1. Scan the range A:44-55 and report the pairs whose first residue is part of a helix (DSSP H, G or I) and whose second residue is surrounded by fewer than 17 Cβ atoms within 10 Å (Cβ to Cβ), with Cβ atoms within less than 8 Å and a gap of 6+ or a chain change.
2. So, in the range B:266-284, how many residues would count as being closer than 22 Å to residue B:498 by Cβ and buried (at least 18 other Cβ atoms within 10 Å of the Cβ)?
3. Restricting to the range B:24-54, count the residues that are within 18 Å of residue B:184 (Cα to Cα) and at pLDDT below 90.
4. Does residue A:239 meet the test of being more than 14 Å from every other protein chain (Cβ to nearest Cβ), within 30 Å of residue B:350 (Cβ to Cβ) and either at pLDDT 95 or above or over 22 Å from the mean Cα position of the chain (by Cα) (or both)?
5. Scan the range B:318-341 and give yes if some residue there is within 8 Å of chain A (Cβ to nearest Cβ) and buried (at least 23 other Cβ atoms within 10 Å of the Cβ), otherwise no.
6. Taking the range B:98-156, which residues are at pLDDT below 85, surrounded by 13 or more Cβ atoms within 10 Å (Cβ to Cβ) and assigned to a strand (DSSP E or B)?
7. Taking the range B:449-462 only, how many residues are out of contact with any strand residue (DSSP E or B) (no Cβ under 7 Å at 6 or more places or on another chain), part of a helix (DSSP H, G or I) and in contact (Cβ under 8 Å) with a residue 60 or more places away in the chain?
8. Kindly indicate which of B:402, B:422, B:348 is under 20 Å from residue A:262 (Cα atoms) and at pLDDT 90 or above.
């Protein structure tokens, strides 16, 4: 029997989890759907710009030609500003990279969890705890920058790893679902940070509000170009992308992570310690989140800890990891895209008067499209293989 | 012309001709067995009949009239019913609720007519002597009864032709017997039945005609009276097949596996293994027979370190391994072919290579420190694919694209391709086709002849009898009988049901 005689084997229907996180998809598919999702989001975004322009809407009845012209100009202006603000100048490009930095790091944290079958919603909390540890190193010791910065980063990684590791231990020991524990630990982290910022260890003397002492100059991330905000954090993010790729595809640990992500039972039968793996996956994820966190205090003015300094980066990271199909390179590109939207959105708000919230709408639309690939396929008439029934039988998070 | 006819069905997938001018017919009151190896095109053909695929060319005729199905709904309306290998039941619903699902009888204002639903189930159940309680919750029912629910579902929609896809592969021997009675009942009532299987004995027993497919073609149509199992196997595989396992008498050596007074709890904390003692020596095959669910799974899991034991000891080559981890036991030259190939033996979204190194990735030469050496991994995979005759276009394809037999070969290759002292194999050939079974059996005997101690667990009595030098029978967690090669199937069968027999070990 030659190879040609091999029968067509039915591919196992991907679970909802696989479809959304993109774990196990091929490169072509990994690029096609996200690209179309972005395109569709921009088109829908154009409609939103059109229907929210009240003044123009009023004249559609009396002068449709003029209304159409104005609408198109409005959309054109907005998207032009979006483009100019993200790529149109050195400043725009550096702002894009600057905004992308924490997103890439946090996105990697979520993606590594997805690859190993874990949903780490607690990246925000891990960023806060990691950031606080890095900040503490940043203002409490005086050493040269080449020691200070790495030390602060290591402290942040350790703290983030421990914070996420708690959820890992709870899962390994008691089976508590990581979605619940990481999410709840977010709240603990938010209020713990608020509390810490008012203790004498952290609080700026003479202040009553939660604000920390400033980090020493030696701990502040140096900028890459004079006069722009872009700093070495971006290079660290690039290194992290490469290291995560190496970890996942070139090491025994990554092999175990992926095996347990695809089939925990199979991994256990092959002699892997599944509970230990859950702890280590979350620890690695938390360490990456820690770098993202320290980036938010040592990478931008005022180099201090403020209440909830992680913002929504950790939650946007979930969307970002989905868009990047949980692949390190995918996360890098998705992070750059989100960074560009953020930077361009600021310009759009200033120059075209479109609220920056439109950017959030665009991000959300992209994710909806990613989560419903069938929708994108239907819109663009991409054919699935032959006439396979497209009914989804298996759904859910796979226990 | 009455009955169901498929004529000249051709189905082409990109790169593969799955069905090539296939003809199949069944008339009312007739049982047709459709035999073929995995991948011969049986499933594709049935999916065409059920409206899931449309054929590239060919016709589906009912009572001589051509029909075009665009989905299962059309097929059902035309009187075709299908009972899938994997049941499509809602576990938390009652039998009656499952039966009406998709065609719910309603009273005014869309209220469900529960009484009518129950009546339907009771009527059909009585008519075909299925003995199913309409109010039972499906998930509490044994697999054999769940299958009857599927059959009732089909009958409730007034199917004239029933397609049963590998119906006996999930049943225990006792369930198979009553299942065969049910199929005969369907026939007596004038239903046309297409019975898909790769079990030759069953096909011979119940079919009026046997149609054999190979590589997408119908290669033969025979009457059961004209053929025997050997001939059927030859037609299926395309070459003479040896159904006998050939082996010399065992020459047992030293004790390799020694299990003493072992007690193991199952996931519901019942004593699944209840004080079991036995030994396996180098160079012998010990088979554990028993109806599934009598503690065999837990016994194997405990020996291989996957499930902790409550009491007793497991020794390998004289050392106590009772509390060791799966990996520690694996490193003591123990190979384990697990019961459920896809669930626990493989990582389906991984490539063949990745699956071949699944339990050796952490050792040199596949890894150096924490870094993997994928070159070495591919070298090993390439060698094993060749040596163990794994039919795959390349070791880099996903293992999920391989047929069941080739998937099993991947596992066997991975497990035995090193210095093995003890081989534990659970259901080593479940769901495999004749050719693969022959191959796997030969490999197991070969391991024995090289001095490996082999423990086989199988719910197929025939398999245990063919392979084993010594047979242990498990019933309700205990070993209730020990037999040598000369024992008859009846003796062992009685012991499997807990009747006295043999000499208790």
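1. That search, which allows pairs on different chains as well, returns A:45/A:361; A:48/A:361; A:51/A:57.
2. Qualifying residue count for the region: 5.
3. Qualifying residue count, the range B:24-54: 0.
4. Yes.
5. Yes, there is a match, as at least one residue in the range B:318-341 is within 8 Å of chain A (Cβ to nearest Cβ) and buried (at least 23 other Cβ atoms within 10 Å of the Cβ).
6. Within the range B:98-156, B:112 is the sole residue that qualifies.
7. Residues flagged as out of contact with any strand residue (DSSP E or B) (no Cβ under 7 Å at 6 or more places or on another chain), part of a helix (DSSP H, G or I) and in contact (Cβ under 8 Å) with a residue 60 or more places away in the chain within the range B:449-462 amount to 1.
8. B:348
The values are calculated or read from the model by the stated rules, or taken from the named source; none is laboratory data. Everything numeric in this text was worked out from a predicted model, so none of it was measured. Neighbour counts are summed over all protein chains in view; Cβ atoms, including those assigned to glycine, are modelled from backbone coordinates with ideal geometry.
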